[in-house]
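Q: Got a structure for you, written out below as structure tokens; questions coming shortly.
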Amino acid sequence: MVDAGPAFEAMNAIGLVAFAVVGALKGSDADLDLFGVAVLGFLTALGGGTIRDLLVGRIPTSLQSNTEVLFAAVGIAVAVLLATRVRGDLMESPAVLLPDAIGLAAFSATGAAVGIEAGLSPFGVVVTATLTGVGGGSLSDLLLARVPAVLREDFYATPAVVGGAVAPPAIAAGLALGTTTLFAAGVVLALRLGALRYGWRLPTV
């Protein structure tokens with residue numbers, strides 16, 4: 001995996017916890033039992049990266065690293081605690097939305113870096129970036145028998161697409177892979193935070 005520095009590693013850790021929280025809360029809202037809640041938490045946190053790694057022909061990092069699984073488990077525990085003690089729509093809380101945005105940025109940028117390292121085309125890099133950023137959440141929605149949220153509402157997958165799209169030109173311009181990864185993460189984070197602040201949405205047809 002590309003080394004983009006400790007700040008990026010921190011973003012990735014926050015993302016794992018936040019994505020696990022979001023997935024587990026989906027399970028709680030759907031009245032799943034504890035096992036079901038845990039499955040959705042792990043799937044949301046680790047699913048996108050697993051699909052990405054399989055696409056580029058390598059063993060998923062989630063199967064090689066105890067750290068990723070541990071962070072996801074922490075997120076599930078946090079979600080269970082929140083679900084049993086806090087009332088209201090936790091999914092719309094800034095305490096969930098902000099870490100989730102950081103995670104989207106880190107995951108999408110990581111996906112772009114993996115695509116570049118694998119020698120994929122610019123389109124392939126966009127695919128790996130987007131899958132890493134939103135794949136886990138989409139899988140959890142499908143498991144709950146509903147259309148993935150990224151396909152029907154919110155400005156969420158678009159930042160991941162843009163983050164993947166800016167990475168190949170940055171490499172072509174001579175930026176190092178680590179710098180490119182941080183740049184892509186910054187683009188994704190700025191777009192997602194802008195969407196949360198100003199309510200950006202894509203038009204429906």
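The values are calculated or read from the model by the stated rules, or taken from the named source; none is laboratory data. All of these numbers come straight from a predicted model, not from anything done at the bench. All Cβ positions, even for glycine, are placed from backbone atoms using ideal geometry, and neighbour counts span all protein chains on display. Side chains included, ligands, DNA and RNA excluded: accessible areas come from the protein's heavy atoms. Shrake-Rupley method; radii C 1.70, N 1.55, O 1.52, S 1.80 Å.
Q: Is it true that some residue in segment 34-46 is surrounded by fewer than 20 Cβ atoms within 10 Å (Cβ to Cβ) and more than 14 Å from Leu143 (Cβ to Cβ)?
A: Yes, segment 34-46 has at least one match.
Q: For segment 145-159, give me each residue that is in a helix (DSSP H, G or I) and among the aliphatic types (A, V, I, L, M).
A: Passing the criteria: Ala149, Val150, Leu151, Ala157.
Q: Then there's this: Check whether at least one residue in segment 137-144 is touching a helix residue (DSSP H, G or I) at 6+ places or on another chain (Cβ under 8 Å), open to solvent by 10 Å² or more (accessible area, probe 1.4 Å), under 22 Å from Asp29 (Cβ atoms) and not in a helix (DSSP H, G or I), and report yes or no.
A: Checking segment 137-144: at least one residue is touching a helix residue (DSSP H, G or I) at 6+ places or on another chain (Cβ under 8 Å), open to solvent by 10 Å² or more (accessible area, probe 1.4 Å), under 22 Å from Asp29 (Cβ atoms) and not in a helix (DSSP H, G or I).
Q: Among the residues of segment 105-126, are any β-branched (Val, Ile, Thr), in contact with a Lys or Arg (Cβ under 9 Å, 6 or more places away or on another chain) and either within 29 Å of Gly57 (Cβ to Cβ) or open to solvent by 20 Å² or more (accessible area, probe 1.4 Å) (or both)? Walk me through how you get there before you give the answer.
A: Start the filter on segment 105-126 by keeping residues that are β-branched (Val, Ile, Thr), which leaves 110, 114, 116, 125-126.
Then drop every residue that is not in contact with a Lys or Arg (Cβ under 9 Å, 6 or more places away or on another chain), which leaves 110, 114.
From the residues that got through so far, the ones that are either within 29 Å of Gly57 (Cβ to Cβ) or open to solvent by 20 Å² or more (accessible area, probe 1.4 Å) (or both) too are 110, 114.
Looking for residues that are β-branched (Val, Ile, Thr), in contact with a Lys or Arg (Cβ under 9 Å, 6 or more places away or on another chain) and either within 29 Å of Gly57 (Cβ to Cβ) or open to solvent by 20 Å² or more (accessible area, probe 1.4 Å) (or both), one finds at least one in segment 105-126, hence yes.
Q: Take the residues in segment 151-199 that are under 17 Å from the mean Cα position of the chain (by Cα) and among the hydroxyl-bearing types (Ser, Thr, Tyr), then tell me which one is farthest from Gly15 (Cα to Cα).
A: Residue satisfying both the conditions and the ranking: Thr158.
Q: Limited to segment 91-102, what total is found for residues that are open to solvent by 30 Å² or more (accessible area, probe 1.4 Å) and either more than 18 Å from the chain's Cα centre (by Cα) or of a type in the set (Gly, Ala, Ser) (or both)?
A: So the answer is 2.
Q: Somewhere in segment 60-75, is a residue open to solvent by less than 50 Å² (accessible area, probe 1.4 Å) and in contact (Cβ under 8 Å) with a residue 60 or more places away in the chain?
A: So far as segment 60-75 goes, yes, one or more of its residues are open to solvent by less than 50 Å² (accessible area, probe 1.4 Å) and in contact (Cβ under 8 Å) with a residue 60 or more places away in the chain.
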